[in-house]
Every structure is written in C-alpha cells, then in structure tokens.
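The values are calculated or read from the model by the stated rules, or taken from the named source; none is laboratory data. If you're wondering where the values come from, they're calculated on a predicted model, not measured in any experiment. Here the Cβ positions follow ideal geometry from the backbone for every residue, glycine too, while neighbour counts run over all protein chains shown.
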Amino acid sequence: MTNALLRFALPAVAATLISGAAAADSGTKVALVPGGPHPYFAAWEQAGKDAVKDFGLGAADYRVPQKWELATQSQLLESLLSQGYNSFLIFPGDAVGTTPVVQEIVDNGGQALALAGCLKDPTPALFCMGTDVGRSAYLGTKELIKAMGGKGRIAHFTGFLVDPNTQLRIDAVQKAADETNGAVKVVQVIADIDAPQPAEEKINAYLAAHGSEVDGIVTTAWVPAVTAANALRKIGDKRIKMVGIDHDQVVLQAIKDGFVNGTMLQNPYGQGYVGSYVLDKLRSGCTLKADAPWKSNALTKKFVDSGTVFVDASEVDTYVDAMRGITKTLKADFDKDFLSCK
Amino acid sequence: MMAAAAETPEAAATGGPTSIQKLLFSNEFGLVVLVLLAFLVFGGMLPGYTSPFSLFAMGRQIGIDTMIGLAMMAVIVTGGLDLSVGAIGVSSAMAFGWLVEHQGLPLALAIPGALVFGGLLGAINGYAVVRSGVHSFIITLASMSIFFGVMIFLTKAEAFRGLPPEVAAFGRLRLATGTSVLLAVSLATCIALSVFYRFTILGRRMLAAGANARAAEVSGVRTGRVFVACHALTGALAAAAGLMLTARTGAAVPSMAGQLGQDWLLPAFLAPVLGGTLLSGGRVAVVGTLLGAAFVNVITSGLLQLRIGEFWIQACLGLMLLAAVLADRGRHLILRRRGLI
Amino acid sequence: MGNRFTRAFDNDWIGPALVSLIAVVVISIFQPSFLSSFNILVLLSAIAVNMLIALGQLVIIAVGQMNLALGSIGGLVAISFAAMMELWHLPAPVAVLGGLAIGVAAGAASGFVIARTGISAFIITLAGLQIFKGINLGITEAQPFYGIPQVVKDFGNLAMAGPIPWLVLPMVLAALGMWALFNRLRIGRFILAIGGNRNAAELSGIDLNATVIWAHALSGLLAAIAGMMLVARLQIGHPAIGEDWLISSFAAPVIGGAVLSGGHVSVAGTFFGVVIIAIITQALVLFAIDPFVVQIVLGGLILWAVGINRLREVRVARARA
C-alpha cells in the first residue's frame, strides 16, 4: 500500500516541482499528439526527444490517445492543456471536429500546428505541415504505371475513412490513372483497412477472387502496404507490380526480394523535429512571414510539404539518409522563407 | 433524492431506519463522499487539476456521460438492456446534421426532430422485444448492427461539417459559475426524470412493470406498452447525448461513439450501476447516475493528468466497475443483516 | 403435410447447412474464382478462427450467461503470446502453453467472481472486458509485437494438403472436443442443466459454482486458442485483436440454433453459422459491395435466426400444451 502511494506521490511531487520550474524559465512545452495508435507516428517520439536536446526545449512529449476516436483525442488534448503544455503538434482526429479543442488551446494562451494531416480552414491552427498526400499518391501511382509498362488495371488499398487524407489519396490515384487516357484503369478501391484483421481479410479475399485480373497494386496506407506485401510474397507473385508507402521493414524487405517495386516514403521524423523547432521559435518572438510560400491543398491554404520520395530496390538500404536529407532541407527552408526573427 | 422504491415490510415493522440513517447509508451519499475525496486528493497533487479550464472540461464530460448513463438507466428499469444506445445516439446526431445541412431546417426544429428520431429507433427496439419475447440483449445486439450499418451506408461515413456556428458555440458555452452548459442540461434532465419517475403515472408504471411485470399486468398496467415507452425514452435520451457530443465537437461525426456505437457501453452502464440502479429492474437512482458519471470523470481526469499512462485508464475503469458492484453487493448484505433495508 | 417438411428443420443444423450450400452454389455461378484453391484456403482460415471464437461464446450461452470479455481475453493472450516469443525468446510451444494458461486463468477469474458473488455475468464480464483490454493496452501501448518465429507464421498461413490450411487442425479438435463435452461428458451435461433450469440443477445436486467456473475457464481457453491462431495468421501480435469479436461470437451460435437463455446448443449448427457468416463477408468483398452492408446483414441474420428459434420454441410449447 505504501509502495503504491510512494509510486504515485513521488512522480506527482516531481511533476509539481517541474511544472513550477518550467513556469520559472517559461520553456516551450511541446506535446506531439497523433489521432490514435499507429506505427506511422512512432518516429515522432524520437523526433521530440532530439528536438529537446538540440533546441533546449522544456519538453517535447509524444502522447498517444488510447484509440482512434475523436472524443478520446479531444479529452487528451484538454488534459495536456491543463497539465501546462503550451505548444501542440496535432494529427487531427477529424478535419473539422478537432478545431473546437484547438480553439480552446489558443484561447488559453497556447499555439498549435496541424501535423501530417490538416484541419479545414478556417482554423486557429497556425498552419499545416505534412506530406502532400495527394502528390505522394499521385507520384506513387505514376511510378506504378511506369513499372506496369503504361497500361493495365490497378487496385488501390487505402486507410481509414475517417482519416482526412484518405479521400485526397483516392482522388490522386484516380487522377494519375485518368492521365493515361484509358490505358490504365483503377478497377477497385478498398478503404478502411488500416488495421491488420480487416486488411488481411479483404486483401486476401480480393487477391483470391480478382488476382488474375489485376496488374498493379498501389497502397496508400501503412497497414495495407504491409499486408499486401505479405500477401504477394505468400502467393509467390512477381507479376503484379506494387508500390507501397512508408518504411515498414516488411515492405522494405519485399522490395529487396522483388515482390514490391518501391515505396513512397513520408517524413514523420522531420515533421516532429521541425514542427517542435518552429513552435519554439514562434514562442520566443519570431513570427510567420506574411508572404511565405504557402501551398494549398483541399483543406487549407497554409500548407507546408514535409517531403516525400520514391525509393526502389537500389535505394532501399540508404532510405534513412534520404529522410535525414529531406529533414535538413525542410528546416533550412523554414529559416529562410517562413520565419522572420529579430 | 432517494431511489424511488417501495419500503420493505421489515423496515416498517421495526419502526424502520430514521431519515438521517437512510440518507447516510444511501448509495448517493457514499458517492458524494467518494467524489469529494477523489477531487480533493487529485486537486492537492496536481496544480492544473483545479484550473478553471480543467474544471470546465471535466464538468462538460460529466454532463455528456450522465446523459449516456440516463439513457441506459431508462431501459435498465425494465430489467433489460440496450446495447444500441451508441448506435441510436450517432444515428440521431447524423440525422440532426442532415436536417440542418441538407434540409436547411432551423435548429429549433432540427433538435426536437433528432430527439424524436432517437425515440422512434428506441421504440422499434421496444416493439421488437415485446412482440418477440426475446431478451433485449440479443434484439439490441442485432439492432446495434442494423442501425449503425444503415447510418453508415446512408452517410457514406462522411461527417456533417457545415453546421451553423451556434452548435459549436453551445458546446463551449460557460455559465456564470464557469460550468459547462452541457452539465446544466444534464442536471435539468436529471431533475425532470426524478419528477417523472416519482410523480407521473407513466413513470410509476414503468417502475412497477420493471419490478414485477406479472403483478403489474394483473393490476391493470399494459406492460407491453410501458416497455415500449421505456425503450423510446432510452432512444430519446441517447439522441440527446449524441446532440451534446455534436455540440462539443462542432460537427456530426459518424465515429463519435466508436465502431457500432460500442464505445458508449462502458459509461452507459458504469454511471447507473455506480449510482445504484438495479440491473434487475424496478428501481432507478437518477441523481446516482449523475454522481456515478462525476466519480468516473474525476478519477479519469486525475489519472490522465497524473501521467500514470493513459493506457492504464481503461483497466482502472474496469476495476472501478467491478469494485462498485462488489461494494454495492456487500453493502446490501450488511444492511439487510442489520435490518436496515 | 407442411408438418413433415418443417419438422425436418427441427434439427438445428440442417437449415444453416442448406443455406450455406445454396450460398456457395449461387456465388460460384457469378464468380467461379470463389472455388479456386487459394480462395478456399482463405475461406477456411477465416472459418477456423471464427469457429473457435463462436465455441468460446457457445459454452457460456449453454450455461445461460454471456461472456462480453471473450474478445479481450483473446486479445490479451494474443499479445502475451507474441511478447513471450519476442521479448523473452521462449520457443513457440512453451509460449503456446503460456497463452493457454493466461486464457484459462482469465476465464476462471471471471467465473469465480460470477459464481461467488451472484452478480450478473453481463456486468462482471463487462468489467472483465475493460480490465483485460486495459492490461493489453498498458503492455503494448497500442503498438504490435513483430518478432513472430517463422514456424508460427507458417502454421497460420500454409496449407496442410491442397487447399486445407493448418489452422483447420485446432478447429477440428476444438469442435470435436466441444461435441464430446455436451454429449458425452458429465460436466457438459451439468452446464446444459444449469442453463436449462438453474433451480432444478441445484436441487439435483449439481455444484453450481464449480460448473460455472469450469465453463468460463473453458471459454477463456477457447478464446486463447483463437487469439493465438490470429497471431499466426496475421504474423504480428496486434493489440486490436479481439475488438470485433462481440457480434460474430453471438451471431454464429444463434444462427446455429442456440437458445440464449441456455440449456440448448448445437456445435454442428454453430459450425454452419460460422460458415454462413464467412461466406457472406467474403462475398461482399468479391462483389465489391459497400463494406458497411456487412454490419446490416449480420444484424439481420441474428434477427432472422432468433426469430426462427423463437417460432420453433413456440411451436414446441404449443404441441406440448
């Protein structure tokens, strides 16, 4: 009983002391909050730790809502606000539904960025930084079409329907196919399979039924990419071309072994790292330039592309360097074009 | 306010427990003590816990959870369950979104419209249960799938995001004391329901039918109709909870209650059971439900801020439910042995 | 005259078996690849896992209760199984035993609390659901365990012979075991007796507490097997395993003729219930039907099955009167 008390009391006392100390040196306390548990965001944790070390932040903590549910994320954000965090990097649980809690953060003196997924304008978030998912899906599909020899039928496996990025990806893949003037068709889109069991069932069922009629697969979500790579390996198929997404070791190994043609890398590490950096700068007196080169996407007019790159068998072993390179460029771009500091 | 139930003959015979004793031993009083205790402990440990924002957010969540709990309470009265409260809540909220965004209805019409819609879905459940004689568990297990599936199919899982700004503003509204208006709405609903179950004929018939359906039938109560009314009430209250969540979010989102609406199951049961509503039916504890929701949220907020790890909160909630039912069972045994109930 | 025809359906499993057959025939007319070797492999894998899940619920339905914690026990065992192999480097057979032990312990704990306190199984297993899911989340922090040994992955994905996957083996053993339980073993008859008429069972000397605990321990065991089969098939120990077991764990037994108040179950009927659900789920993907239609169809199936069971009950009562 006393043990439990001590275990609870000590951290609580420490927290009180630390938060008191934080108030004293008014450090930037960043919270990196994804929409729910998902392997994509794992890199944010390390990015936050490195940002604390490199930029002297008060804190940059990766806090995950227990499940992919808007109310759970909102409750966590409110709790973090009460705990003294003042800078937020948020993957919106919903493109509109997360805005009220962001408004509450701003009303209480905090600041927030949408990271890896955007909030719909108008929004009190400062801006949105993420993969231009439309562009990434578009480029990935183009690479797939190239590998397919310019004609054939494509199946598209993608993520949660509640993810604001999913519709952008569906549209982008369709656009790339439409540009072939009928030579390439998207014959099926299977969405809402960014979790292992439904992905397994649906992808296997699809390949079993229509595997012989399809020539290429493009996956624009992490779990379907892994599952499809495994499925192609299981049936020993190298005829169907595939372009995946992200850097799961299963996908990378499949690229090396020839089952998958390549993958579109995103930059979760860079997002977390540079995002923390920017928020800290903004808190210490810098401002965003009025004439900064913002991009637009379907949701917002203040968008910054965190970078994407296609990696095939020849580049698979050096992908980490590729991502580091993109991150360095991103930070330099921010210093030059977006931030104005006295 | 005491739970509305008949006094036992033994109590009356031995002169019965005094009013003060009844108050002190009641479930509600125990809960008040627990809530205050937890609040003081967490407030002492965590600086941010008692900040105005933290209290506001907590109060708002208590308001929402109370309404969800009241929805389930209304059907527990019948001795049955309704697993589809989440599905009804989401469907009604989406209906609201559709009425406002696509039909251009003003809020004053769309809100009652959504409540009626929820009541209708509940009535469908009730009718199916009464006519088939099958346990409400399986009927509502099926209806949860059907309601949710039809809703998703019709809306293509897309949220209604173009609601008028008054909706989100209502979710952020603070009353003079700094409490959330949603909490006030739930409080008002609690008062209304207490009056309903104590003083109106239909309310008393619901209790009678739930306590002993055969006896009620014999004394002229149309239990079939009464049970349908209970389910309809559940549906309407679930719709109200869905609307409250929509106000808090500012959008009608199909995933607001999780897959098939099953995320509402724990708060829906935890609040009434903690509050003293008996699963066997015939007895409601309306204010107890509010206190139960308060207790759960006070603890959850505290654990979240304590950085115990948000991942252990679920396990804690489960343990709380277990402890609550065990404690209630123990309390009943002790009090019965002492002839106090 | 209509009686002889309908009386043939008084047997639990004939109806669902016929429906399965018709479904297979109809679907393969429209999609010949339905009967391809690979597709049968996929279908049998799904049926194998879902049959274990259905059996886990079946034993609790038999005793007249419901087990809401089935999925969360399965999930907890799944991640523990994966963790034992990845973190502690235990060989697969040892990890399997460990997983089974956890499942039995979790089930027995539920059963113990239900038996001794007399509180409804619904509430106790609802609490259990939260507790086991909470422990699962606390251990995994929602991230899966990856280090699954090749032998386990092969068991979950390769075929024994032709299109028949290895996964079918545990299913056949479990189904035979359960059939033997209800038709040959004493404990099975006790379970059915309690489900049928609790008071009569108690008066005839059956130890209610011990039997209920046994039933829940068995349910936990079956959930554990299902969880580990899924880890083998998915090739990772994912914390979300078990989250969607609730509906199908009830749907299959109900379609198979189980009566929810207890006392009457059919293993063969449950099997065909599982088959129907698996076929329908697959068909919806094959024909590219809106995935959300699955939910509606499952709910409708449950109502239809319950309705038929109820009609039979009423007819039997009327015949007796």
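Within the range B:244-258, the residues that satisfy the criterion of being within 18 Å of B:Thr155 (Cα to Cα) and either more than 8 Å from chain A (Cβ to nearest Cβ) or in contact with a strand residue (DSSP E or B) (Cβ under 7 Å, 6 or more places away or on another chain) (or both) are B:Thr246, B:Ala251, B:Ala252, B:Ala257.
Scoring B:Gly276 on the criteria (1) surrounded by 21 or more Cβ atoms within 10 Å (Cβ to Cβ); (2) more than 9 Å from chain C (Cβ to nearest Cβ); (3) within 30 Å of A:Leu81 (Cα to Cα) leaves a single failure, condition (3). For the range B:74-93, taking the residues that are within 13 Å of chain C (Cβ to nearest Cβ) and closer than 13 Å to B:Phe160 by Cα, the one that is surrounded by the most Cβ atoms within 10 Å (Cβ to Cβ) is identified as B:Val90.
Could you list, in sequence order, all residues of the range C:117-145 that are more than 10 Å from chain B (Cβ to nearest Cβ) and either part of a helix (DSSP H, G or I) or among the polar types (S, T, N, Q) (or both)? So that I can check it myself, show each step before the final result.
Just the residues of the range C:117-145 that are more than 10 Å from chain B (Cβ to nearest Cβ), to begin with: C:121, C:125, C:143-145.
Correct list: C:Ala121, C:Thr125, C:Gln143.
Free of Cβ contacts under 8 Å to residues at least 12 places away in the same chain and either out of contact with any strand residue (DSSP E or B) (no Cβ under 8 Å at 6 or more places or on another chain) or within 14 Å of another protein chain (Cβ to nearest Cβ) (or both): is that true of A:Ala191 in this structure?
Details: free of Cβ contacts under 8 Å to residues at least 12 places away in the same chain: no; either out of contact with any strand residue (DSSP E or B) (no Cβ under 8 Å at 6 or more places or on another chain) or within 14 Å of another protein chain (Cβ to nearest Cβ) (or both): yes.
When the stated conditions are applied, A:Ala191 does not pass them.
Is there a residue in the range C:146-162 that is more than 30 Å from C:Leu35 (Cβ to Cβ), within 14 Å of chain B (Cβ to nearest Cβ) and out of contact with any Phe, Trp or Tyr (no Cβ under 8 Å at 6 or more places or on another chain)? So far as the range C:146-162 goes, no, none of its residues is more than 30 Å from C:Leu35 (Cβ to Cβ), within 14 Å of chain B (Cβ to nearest Cβ) and out of contact with any Phe, Trp or Tyr (no Cβ under 8 Å at 6 or more places or on another chain).
Considering only residues in the range B:160-183 that are in a loop (DSSP other than H, G, I, E, B) and either in contact with a Ser or Thr (Cβ under 8 Å, 6 or more places away or on another chain) or of a type in the set (Phe, Trp, Tyr) (or both), the one that is surrounded by the most Cβ atoms within 10 Å (Cβ to Cβ) turns out to be B:Leu163. Report yes if some residue within the range A:234-246 is buried (at least 21 other Cβ atoms within 10 Å of the Cβ) and within 14 Å of chain C (Cβ to nearest Cβ); otherwise report no. Yes, the range A:234-246 contains a residue that is buried (at least 21 other Cβ atoms within 10 Å of the Cβ) and within 14 Å of chain C (Cβ to nearest Cβ).
Of the numbered criteria (1) more than 11 Å from every other protein chain (Cβ to nearest Cβ); (2) surrounded by fewer than 22 Cβ atoms within 10 Å (Cβ to Cβ); (3) not hydrophobic (A, V, I, L, M, F, W, C), the one C:Gly257 fails is (2). Across the range A:121-128, a minimum of one residue is classified as among the aromatic types (Phe, Trp, Tyr), more than 9 Å from chain B (Cβ to nearest Cβ) and surrounded by fewer than 24 Cβ atoms within 10 Å (Cβ to Cβ).
Of the residues C:Leu192, C:Leu181, C:Leu176, only one is aliphatic (A, V, I, L, M), closer than 20 Å to C:Ser110 by Cα and not in a loop (DSSP other than H, G, I, E, B); which? I'd like the intermediate steps shown before the answer.
Numbers: C:Leu181 fails: closer than 20 Å to C:Ser110 by Cα; C:Leu176 fails: closer than 20 Å to C:Ser110 by Cα.
On inspection, the qualifying residue turns out to be C:Leu192.
Give the residues of the range C:54-84 that are in a helix (DSSP H, G or I) and surrounded by fewer than 24 Cβ atoms within 10 Å (Cβ to Cβ), sorted by residue number. Reasoning before the result, please.
If we filter the range C:54-84 for residues that are in a helix (DSSP H, G or I), which is where we start, we get C:54-62, C:70-84.
Selection gives C:Ala83, C:Met84.
Among the criteria (1) modelled with pLDDT of 90 or more; (2) under 12 Å from the mean Cα position of the chain (by Cα); (3) within 12 Å of chain A (Cβ to nearest Cβ), the one C:Ser248 does not fulfil is (1). Assigned to a helix (DSSP H, G or I), modelled with pLDDT of 90 or more and within 13 Å of another protein chain (Cβ to nearest Cβ), is that true of C:Ala226? Answer is yes for this residue.
Conditions tested, residue by residue: (1) without any contact (Cβ under 8 Å) to a residue 60 or more places away in the chain; (2) in contact with a Pro (Cβ under 9 Å, 6 or more places away or on another chain).
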| position | (1), (2) |
| --- | --- |
| C:Gln57 | no, yes |
| C:Gln130 | yes, no |
| C:Gln143 | no, yes |
| C:Ile148 | no, no |
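For (1) assigned to a helix (DSSP H, G or I); (2) within 14 Å of chain C (Cβ to nearest Cβ); (3) buried (at least 19 other Cβ atoms within 10 Å of the Cβ), each residue gets a yes or a no:
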| residue | (1), (2), (3) |
| --- | --- |
| B:Val134 | no, yes, yes |
| B:Ile138 | yes, yes, yes |
| B:Ala142 | yes, yes, yes |
| B:Glu217 | yes, no, no |
| B:Ala236 | yes, no, yes |
| B:Ala239 | yes, no, yes |
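Residues in the range A:94-116 that are surrounded by fewer than 24 Cβ atoms within 10 Å (Cβ to Cβ) and either more than 10 Å from chain B (Cβ to nearest Cβ) or more than 23 Å from A:Val304 (Cα to Cα) (or both): A:Glu104, A:Val106, A:Asp107, A:Asn108, A:Gly109, A:Gly110, A:Gln111. Scanning for something touching a Phe, Trp or Tyr at 6+ places or on another chain (Cβ under 9 Å), within 11 Å of chain B (Cβ to nearest Cβ) and either surrounded by fewer than 24 Cβ atoms within 10 Å (Cβ to Cβ) or modelled with pLDDT under 90 (or both), does the range A:86-93 turn up at least one residue? Yes, because at least one residue in the range A:86-93 is touching a Phe, Trp or Tyr at 6+ places or on another chain (Cβ under 9 Å), within 11 Å of chain B (Cβ to nearest Cβ) and either surrounded by fewer than 24 Cβ atoms within 10 Å (Cβ to Cβ) or modelled with pLDDT under 90 (or both). Within the range C:298-309, the only residue that satisfies the criterion of being surrounded by 19 or more Cβ atoms within 10 Å (Cβ to Cβ), more than 18 Å from the chain's Cα centre (by Cα) and modelled with pLDDT under 85 is C:Asn309. Screening B:Gln61 against (1) away from chain A (no Cβ under 14 Å); (2) within 30 Å of C:Phe122 (Cβ to Cβ); (3) among the polar types (S, T, N, Q) leaves a single unmet condition, (1). When B:Gly339, B:Gly288 are screened for being in contact (Cβ under 8 Å) with a residue 60 or more places away in the chain and either part of a loop (DSSP other than H, G, I, E, B) or facing chain C (nearest Cβ under 7 Å) (or both), only B:Gly339 passes. Look at (1) part of a helix (DSSP H, G or I); (2) touching a residue at least 24 places away in the same chain (Cβ under 8 Å); (3) touching a helix residue (DSSP H, G or I) at 6+ places or on another chain (Cβ under 7 Å); (4) not β-branched (Val, Ile, Thr) and you find that B:Leu326 fails only one, number (2). Per this entry, C:Ile119 is not counted among residues that are hydrophobic (A, V, I, L, M, F, W, C) and buried (at least 24 other Cβ atoms within 10 Å of the Cβ).
Tell me whether the range C:265-272 contains one or more residues that are among the aromatic types (Phe, Trp, Tyr), within 11 Å of another protein chain (Cβ to nearest Cβ) and either within 17 Å of the chain's Cα centre (by Cα) or over 23 Å from A:Asp192 (Cβ atoms) (or both). Looking through the range C:265-272, none of the residues is among the aromatic types (Phe, Trp, Tyr), within 11 Å of another protein chain (Cβ to nearest Cβ) and either within 17 Å of the chain's Cα centre (by Cα) or over 23 Å from A:Asp192 (Cβ atoms) (or both).
Within the range C:252-263, is even one residue modelled with pLDDT of 85 or more and more than 13 Å from the chain's Cα centre (by Cα)? Among the residues of the range C:252-263, not one is modelled with pLDDT of 85 or more and more than 13 Å from the chain's Cα centre (by Cα), which makes the answer no.
Would you confirm, using the coordinates I've provided, whether A:Lys175 is surrounded by fewer than 24 Cβ atoms within 10 Å (Cβ to Cβ) and either at pLDDT 90 or above or more than 9 Å from chain C (Cβ to nearest Cβ) (or both)? Yes, satisfied.
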